[in-house]
């Protein structure tokens, strides 16, 4: 079975093609067109500008995916398209494109939840095959520029949201604090890159103490599983405004403290939820999970709680938005045949899992 996945939920125009034979899945094409340079001057994604770029890029990206996979439109058996959550103007671009293909070539079309797709990409050709029965219950952390959610996954398709951000998502906090420090967009990679230049890392701890830089870990001690990152952004702004000497050492130390504050909250809240739920595994997804230090600390801190191969993290290229995760999610939902008429499929910006 050959499955097409389309995602235009934010600022990446993504198309993926996979081929399935039983439970074996082969990636045929993974093409993504990024809009980072276009949105960088704004310090974030400008929805209607993103929509315009999707409309321009999607036919080109789709054509490239067909060329890479050496398939024709007629050979596609199933189409999956992200309907939410995301930026509504952007979502409609992908949906309308998918509808046109489905109608023209008479192909089944499945609506896909973006958050679920970030979770299920972890099951793409696991290096260490796992007994599915030993995975659940699982605690899932989906963390990106627009989302920060802790989810209890009881089985494929069975989810319960335990907590989520009350304001800014973690990725959004990275973007906003990086902007305060005068760094480029997107903020997460810019902060990580700056921090990684300091060797050895012990220097940062010494600088932190000397410069008296200390940021809060919002809601870390609260017993719930919600998040809040707007207070962290405000704390960064106040400390930055008070700083007399904003030299490179100060900026690097502040960047490290921002990154560590966010990581501390994400790791500790996730582990607490996993312990309470007696989870057999922890599943991570979303663009922030591409952060090397976050991955390193999750590996270290989760060892006492779950088996080493039960911490699932996508390869970095599949952490950010991509079409493969949409195609894979369509594959998992295909047995249900939860098909809707084309005119019933619509964008749902605030779609819940």
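Worth a mention:
- Residue that is farthest from residue 281 (Cα to Cα), among those in the stretch 304-316 that are in contact with a strand residue (DSSP E or B) (Cβ under 8 Å, 6 or more places away or on another chain) and modelled with pLDDT of 95 or more: 314
- Answer residue from the stretch 205-216, given it is surrounded by fewer than 17 Cβ atoms within 10 Å (Cβ to Cβ) and part of a loop (DSSP other than H, G, I, E, B) and is modelled with the lowest pLDDT among those: 212
- Set 242, 300, 246, 212: member being farther than 30 Å from residue 17 by Cα, free of Cβ contacts under 8 Å to residues at least 24 places away in the same chain and touching a helix residue (DSSP H, G or I) at 6+ places or on another chain (Cβ under 8 Å): 246
- Residues of the stretch 217-229 that are loosely packed, with under 15 Cβ neighbours inside 10 Å and in contact (Cβ under 8 Å) with a residue 60 or more places away in the chain: 224 alone.
- Residue check for residue 234: in contact with a helix residue (DSSP H, G or I) (Cβ under 6 Å, 6 or more places away or on another chain), in the same structural domain as residue 171 (by TED's automatic domain parsing) and more than 28 Å from residue 124 (Cβ to Cβ): no
- Cross-chain or 6+ apart pairs with Cβ under 7 Å, the stretch 136-147 first and outside the structural domain of residue 113 (by TED's automatic domain parsing) and under 17 Å from residue 263 (Cβ atoms), then assigned to a strand (DSSP E or B) and at pLDDT 95 or above: 139/150; 139/152; 139/282; 141/150; 141/284; 142/149; 142/151; 142/285
- Qualifying residue in the stretch 17-25 (condition: crowded, with 16+ Cβ neighbours inside 10 Å, modelled with pLDDT of 95 or more and closer than 30 Å to residue 175 by Cα): no
- Considering 40, 14, the condition of being buried (at least 22 other Cβ atoms within 10 Å of the Cβ) and either on the phi < 0 side of the Ramachandran plot or in contact (Cβ under 8 Å) with a residue 12 or more places away in the chain (or both) is satisfied by 14 alone.
Condition check ((1) at pLDDT below 95; (2) crowded, with 23+ Cβ neighbours inside 10 Å; (3) within 22 Å of residue 309 (Cβ to Cβ); (4) outside the structural domain of residue 179 (by TED's automatic domain parsing)) across all residues:
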site	(1), (2), (3), (4)
251	no, no, no, no
255	no, yes, no, no
275	no, no, yes, no
285	no, yes, yes, no
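- Residue match in the stretch 157-171 (condition: without any contact (Cβ under 8 Å) to a residue 24 or more places away in the chain, surrounded by fewer than 23 Cβ atoms within 10 Å (Cβ to Cβ) and more than 20 Å from residue 322 (Cα to Cα)): yes
The values are calculated or read from the model by the stated rules, or taken from the named source; none is laboratory data. Worth saying up front: this structure is predicted, and the values here are computed from it rather than measured. Methodologically, a virtual Cβ is constructed for each residue, glycine included, from the backbone with ideal geometry; neighbour enumeration extends over all protein chains shown.
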